[in-house]
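The values are calculated or read from the model by the stated rules, or taken from the named source; none is laboratory data. The model shown is predicted, which means the values in this text are computed figures rather than measured ones. Positions of Cβ are backbone-derived with ideal geometry, glycine not excepted, and every protein chain shown enters the neighbour counts. Accessible surface is based on the protein model in full, side chains and every heavy atom, while ligands, DNA and RNA are left aside. Shrake-Rupley method; radii C 1.70, N 1.55, O 1.52, S 1.80 Å.
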Amino acid sequence: MELSVFLLLAFLTGLLLLLARGHPKAQGRLPPGPRPLPIFGNLLQMDRRGLLKFFLRLRDKYGDVFTVYFGPRPVVMLCGIEAIREALVDQSEAFSGRGKVAVVDPVFQGYGVVFANGKRWKTLRQFSLTTMKDFGMGKRGVEELIQEEAQCLVEELRKPQGELQDPTFLFYSITANVICSIVFGERFAYRDPEFLKLLDMFYQTFTLTSSFSSQVFEFFSDILKYFPGTHRQIYRNLQEINAFIGRSVEKHRETLDPSTPRDFIDTYLLHMDKEKSDPNSEFHQQNLIITALSLFFAGTETTSTTLRYGFLFLLKYPHVAERVHREIDQVIGSHRPPALNDRAKMPYTDAVIHEIQRCGDILPLGLPHVVTKDILFRGYIIPKDTAVFPILSSALQDPRYFEKPDTFNPDHFLDANGALKKNEAFIPFSLGKRICLGEGIARTELFLFFTTILQNFSVASPVAPEDIDLTPQENGVGKVPPTYQIRFLSR
Ligand code: HEM
């Protein structure tokens, strides 16, 4: 047989095999979705405006539960609070696996609390929760820690005396310092060059991870990983942060006093020592570094991005900022710092923070899950290890739960008497066994940082409110707000 004929036959056979592999019927009885092409899956149908728009368009056609092929890999999408709850809460164990995010996978490789699975994840989640409680919510108290950080921030914001500034790195610094105090036992000065370099790497990494090219990479990582691209930059950034964490771990080792662990790393090192004769122990160096990286990244990025969106909304809607000022003046006054127990007496401010999180919608696709066994879900059979995305944005923007989902309006969270109204579709921290581990810390930070800043400053923009553009810079795995300049004017 001629070589060219042989190659053609081989190609056609391969194509047929891929077609069979790509067909949903061959893989359990997956939810419906657009027909995938061999190799490409549904890549070529993807919306140029990104994955979220693409998924929402498919939802209109296929309903709340559908399948998209990322290359040859089927991924099940869950839209709307009902489907998300039925999966993550009603079948919580089966949906508790963690899927991969292709652009960061070479660094995390299934280690650390965010990307681990099975026994490793259970051990690290339990350990992280208790230890963060001990070094945040226990002894000194996370509230006190955040109050102190908020006062340092106020000092820093006074320095430019009302000049325009971009708040991005200050917001990064304060949220990173809260995590650093718990994990590393130290906070950093806002102008420390090493600290600023680390924060810049976080910022670049989050922006690159959310870019269009990273979304394409998600479909095609098996091939694209061999070519240059943003994934390489992301890898270098995260490895550099890991090197910083590694140096901190070495310093902790040298000064460790077993009778008085000072922070998360000390406590982990003591566990490592206790289990050193157990070859199956999850307390090893790699899980330590990657868990510290995970907490650092998950804790810094999300909360600071929410703060950035928050002040952008306050600049765009000055009447909202004025009402928050009035509530602060009535409930807290100006002679003491805000405290967490003020929150229950400040429904308007609380509603504003809820609305900032709802409209900010900073992790629109949630984080990927995988099913831990073959399961029956809404009449479909989803095979073990299939990836599942709970599309959080579809709940946060649902017109059945929020009267005008496209409009920033704190009334979405207020009842007729002006009391805070809970809404079951409000799930920025997700649901179920993988629910955000830092929710308590994040909510405390958002309340104390917003109120402390607004107790001390009013905010102004050089751009007229109606001209302030809220269009995100990137909208992929994460939603990155546009950069802006702001004046903090002493009150
Ligand atoms: C406004 C701030 C925050 C938001 C909106 C947020 C949101 C989320 C979301 C949507 C997830 C994925 C849940 C899922 O898999 O279904 C998550 C996971 C996680 N978050 Fe947060 N988060 C925030 C702040 C924080 C903070 C401050 C920390 C650390 C102290 C943190 C630590 C984590 C960790 C460790 C996970 C992984 C949990 C696991 O896989 O078991 N987050 N977060």
Flag for GLY333 being open to solvent by less than 40 Å² (accessible area, probe 1.4 Å) and within 14 Å of the ligand (Cβ to nearest atom): no
Identify all residues within the range 364-394 that are assigned to a strand (DSSP E or B), farther than 19 Å from ILE427 by Cβ and not hydrophobic (A, V, I, L, M, F, W, C); write none if there are none. TYR380
Does the range 49-57 contain at least one residue that is closer than 30 Å to GLN473 by Cα, in contact with a Phe, Trp or Tyr (Cβ under 9 Å, 6 or more places away or on another chain) and within 12 Å of the ligand (Cβ to nearest atom)? no
Among (1) touching a residue at least 24 places away in the same chain (Cβ under 8 Å); (2) open to solvent by 50 Å² or more (accessible area, probe 1.4 Å); (3) in a helix (DSSP H, G or I); (4) not polar (S, T, N, Q), ARG236 falls short only on (1)
Tally of residues being part of a helix (DSSP H, G or I) and open to solvent by 10 Å² or more (accessible area, probe 1.4 Å) across the range 450-460: 2
Output the number of residues of the range 262-321 satisfying the condition of being closer than 30 Å to SER461 by Cα and not in a helix (DSSP H, G or I). 1
Quick check on the range 132-144: of everything there that is open to solvent by 10 Å² or more (accessible area, probe 1.4 Å) and not in a loop (DSSP other than H, G, I, E, B), which residue is farthest from the ligand (Cβ to nearest atom)? GLU144
Options ARG487, ARG443, ARG491: the member that is touching a His at 6+ places or on another chain (Cβ under 8 Å) and among the basic types (Lys, Arg): ARG491
Checklist (1) more than 16 Å from the ligand (Cβ to nearest atom); (2) open to solvent by less than 20 Å² (accessible area, probe 1.4 Å) applied to LEU376, failing item: (2)
The range 410-419 - residue that is part of a loop (DSSP other than H, G, I, E, B) and open to solvent by 50 Å² or more (accessible area, probe 1.4 Å) and, of those, nearest to the ligand (Cβ to nearest atom): ASP415
Of (1) assigned to a loop (DSSP other than H, G, I, E, B); (2) modelled with pLDDT of 95 or more; (3) over 14 Å from the mean Cα position of the chain (by Cα), PHE447 satisfies all except one. Which? (1)
Just to be sure, is THR267 open to solvent by 20 Å² or more (accessible area, probe 1.4 Å), in contact (Cβ under 8 Å) with a residue 40 or more places away in the chain and not acidic (Asp, Glu)? yes
Among all residue pairs at least 6 apart or on different chains, which show Cβ distances below 8 Å where the first residue, located in the range 473-491, is closer than 21 Å to VAL459 by Cβ and of a type in the set (Lys, Arg) and the second is assigned to a loop (DSSP other than H, G, I, E, B) and open to solvent by less than 20 Å² (accessible area, probe 1.4 Å)? ARG487/GLY162
Being open to solvent by 60 Å² or more (accessible area, probe 1.4 Å) and within 11 Å of the ligand (Cβ to nearest atom): is that true of LYS422 here? no
Considering residues of the range 465-491 that are open to solvent by 50 Å² or more (accessible area, probe 1.4 Å) and β-branched (Val, Ile, Thr) only, the residue farthest from PRO368 (Cα to Cα): THR483
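Per-residue answers, yes or no, for (1) touching a helix residue (DSSP H, G or I) at 6+ places or on another chain (Cβ under 9 Å); (2) free of Cβ contacts under 8 Å to residues at least 60 places away in the same chain; (3) surrounded by 15 or more Cβ atoms within 10 Å (Cβ to Cβ):
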site: ASN242; (1), (2), (3): yes, no, yes
site: PRO279; (1), (2), (3): no, yes, no
site: GLU282; (1), (2), (3): yes, no, yes
site: GLN285; (1), (2), (3): yes, yes, no
site: THR291; (1), (2), (3): yes, no, yes
Residue identified as within 16 Å of the ligand (Cβ to nearest atom) and hydrophobic (A, V, I, L, M, F, W, C) among LEU129, LEU164: LEU129
Looking at this structure, is GLU218 part of a helix (DSSP H, G or I), over 30 Å from PRO74 (Cα atoms) and open to solvent by 10 Å² or more (accessible area, probe 1.4 Å)? no
